[in-house]
Amino acid sequence: MKTRIILILASLFLTVNIGFAQQDEECMLNLTMMSDFVKSKKYDEAYEPWMKVRNKCPKFSYAIYAYGEKILKHKIKNSTGQEKLDFITDMMLVWDTGMELYPSKYDLGEVLSDKGLLMYDNQKEMSLTNQQIYNAFDKAYTQDLKNFTSAKGLYVYFTKIVDLFKAEQAPIQDVFNKYDDVSEQLETINANYTAKLNKIIEKEEAGTALSKNEKKYKTFYQKSLEANDKISGSLDTYLGQLANCENLIPLYQKDFPTYKNDAVWLKRAVSRMYNKECTDDPLYVELVKAYDATAPSADTKYFVATILYKQGKNSEGDNYIKQAYELETDVFKKGRLAKKIANGYKKRGSYGAARKYYREALKLNPSDGTPHLQIASMYAKSANKCGDTNFNKRAVFWYAAQEALKAGRVDPNMKKAAQQAANSYNANAPTKSEIFEAGNAGTTITIGCWIGGSVKVPNL
């Protein structure tokens with residue numbers, strides 16, 4: 001009897017194992033077919049084997065979900081009506097199931113942002129309100145801000161609160177708050193990308209060859225920074241006239257008694273009034289003083305300096321500017337602050353001080369080419385003052401052109417602007433015939449005044 005039971009159990013075990021083996025073989029076959037079709041971008045052909053392997057053995061491979069996204073994106077793009085809505089619903093399910101089965105492969109913020117974008121791109125077909133789209137992105141912002149890095153997602157998130165305000169479904173303060181939220185997130189993302197890009201740039205400038213991976217990431221970081229800069233500009237455009245002094249001043253006057261000790265609110269209010277040039281109003285001075293008293297920092301010292309400059313107290317302003325720079329410890333923010341300080345000195349005509357801070361900005365953020373262009377423009381504007389003869393004065397334009405070209409070398413996105421600036425400066429430099437007449441081809445000209453450099457005359 002025992003022997004018979006053992007034989008029956010063995011038979012059952014063998015049958016089950018054979019069944020599992022056959023199922024695994026079938027799943028592997030469909031997975032392989034699906035993969036081959038996807039790699040060839042034959043998404044319609046990939047759909048059937050994908051559905052088979054997905055339904056029969058959903059835990060078989062992460063590829064089911066990674067490739068499933070590509071298949072469904074194609075299906076959504078090339079379908080209409082109810083069929084399209086079904087594919088959209090299925091895409092949401094694929095993300096949810098993928099996250100459940102392979103949590104290490106997904107970031108919540110990224111998935112929620114992707115869901116929001118899918119809803120936004122198909123808002124009309126899905127009959128969704130602006131509030132529903134906004135709520136979808138708000139989930140990403142509140143539940144996993146760190147991984148909410150989609151530039152388009154952040155842009156849509158902000159535009160929807162503006163749309164809600166225009167429809168009288170949200171107060172204007174919510175618009176300004178969300179503008180700050182999104183701007184600060186873009187700045188955080190940019191700081192992260194810039195730090196990583198700078199390491200690659202420094203390695204490259206040291207003469208070390210970049211690996212294939214490093215070249216790929218260098219391109220990715222540069223393109224991402226360029227895209228984020230465009231998005232930042234688009235935020236301001238979409239905000240439009242809502243953030244003008246006529247709206248800001250009464251709003252902040254009303255809320256100031258409530259938030260006069262709230263450092264975050266004060267920082268945002270001061271920054272916006274400064275950026276929108278509402279600094280002539282007495283409220284701006286009150287806000288800056290309250291901000292500096294509540295949370296003294298590099299930011300507060302900078303804004304105090306702007307008030308002092310406005311009052312013509314330049315030496316006091318310079319003292320606060322130095323404090324601001326010394327207090328800032330974050331490398332990315334310090335680099336941005338150095339540029340702001342340099343821009344201020346340049347506007348005042350203090351070119352030597354401006355160059356000092358532009359060079360500080362370059363040390364802190366070597367992948368940013370804009371300081372080179374600013375320095376070049378100051379050289380060009382000083383040509384008449386920094387040469388003893390007409391020829392030597394115009395030779396300063398060669399020096400300016402050399403500086404401008406550096407911008408394109410460190411920042412490929414600026415190559416065109418750098419070349420255009422260099423061409424413009426070279427057009428004002430001595431011509432070949434003038435070099436021939438002067439008989440100084442190949443010699444070095446010393447440039448005086450604040451520039452204090454030298455430039456070699458081109459050989460004929």
Given the conditions (1) among the hydrophobic types (A, V, I, L, M, F, W, C); (2) over 31 Å from the mean Cα position of the chain (by Cα); (3) at pLDDT 95 or above, and given that ALA421 satisfies all but one, which numbered condition is not satisfied? (2)
Of LYS160, LYS115, the only residue that is out of contact with any strand residue (DSSP E or B) (no Cβ under 6 Å at 6 or more places or on another chain), farther than 30 Å from VAL53 by Cβ and not aromatic (Phe, Trp, Tyr) is LYS160
Note: among VAL270, VAL288, just one is within 21 Å of GLY335 (Cα to Cα) and surrounded by 18 or more Cβ atoms within 10 Å (Cβ to Cβ), namely VAL270
The residue from LYS432, LYS381, LYS415, LYS363 that alone is within 19 Å of ASN459 (Cα to Cα) and either of a type in the set (Lys, Arg) or in contact with a Leu (Cβ under 9 Å, 6 or more places away or on another chain) (or both) is LYS432
Could you count how many residues in the range 61-93 are open to solvent by less than 40 Å² (accessible area, probe 1.4 Å) and either closer than 18 Å to ASP121 by Cα or assigned to a helix (DSSP H, G or I) (or both)? 17
Can you tell me how many residues within the range 332-355 are closer than 20 Å to ASN198 by Cβ and not hydrophobic (A, V, I, L, M, F, W, C)? 6
Would you point out which residue out of ALA427, ALA383, ALA417, ALA404 is of a type outside the set (Ser, Thr, Tyr), open to solvent by less than 20 Å² (accessible area, probe 1.4 Å) and in a helix (DSSP H, G or I)? ALA404
Restricting the first residue to the range 217-245 and requiring it to be touching a residue at least 60 places away in the same chain (Cβ under 8 Å), which pairs with a second residue that is open to solvent by 40 Å² or more (accessible area, probe 1.4 Å) and not in a helix (DSSP H, G or I) meet a Cβ separation below 6 Å and a spacing of at least six or different chains? ALA243/LYS276
Conditions (1) open to solvent by 30 Å² or more (accessible area, probe 1.4 Å); (2) over 19 Å from MET273 (Cβ atoms) -> GLN185 fails only (1)
On the basis of being farther than 20 Å from MET28 by Cβ and surrounded by 15 or more Cβ atoms within 10 Å (Cβ to Cβ), does ASP96 make the cut? no
Those residues of the range 123-154 which are in a helix (DSSP H, G or I), open to solvent by 20 Å² or more (accessible area, probe 1.4 Å) and of a type in the set (Val, Ile, Thr) amount to THR142
Identify the residue in the range 155-194 that is assigned to a loop (DSSP other than H, G, I, E, B) and free of Cβ contacts under 8 Å to residues at least 12 places away in the same chain and, among all such residues, is farthest from the chain's Cα centre (by Cα). GLU168
Would it be correct to say that ASN440 is part of a loop (DSSP other than H, G, I, E, B), surrounded by 14 or more Cβ atoms within 10 Å (Cβ to Cβ) and among the polar types (S, T, N, Q)? yes
Test for LYS322: is it without any contact (Cβ under 8 Å) to a residue 12 or more places away in the chain, under 30 Å from LYS432 (Cβ atoms) and assigned to a helix (DSSP H, G or I): no
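Quick check on THR329: is it outside any helix (DSSP H, G or I) and either under 23 Å from ASN192 (Cα atoms) or touching a residue at least 24 places away in the same chain (Cβ under 8 Å) (or both)?
yes
The values are calculated or read from the model by the stated rules, or taken from the named source; none is laboratory data. Quick caveat: nothing in here was measured; it's all calculated off a predicted structure. Methodologically, a virtual Cβ is constructed for each residue, glycine included, from the backbone with ideal geometry; neighbour enumeration extends over all protein chains shown. What goes into the accessible areas is simple: the full protein's heavy atoms, side chains included, and nothing from ligands, DNA or RNA. Shrake-Rupley method; radii C 1.70, N 1.55, O 1.52, S 1.80 Å.
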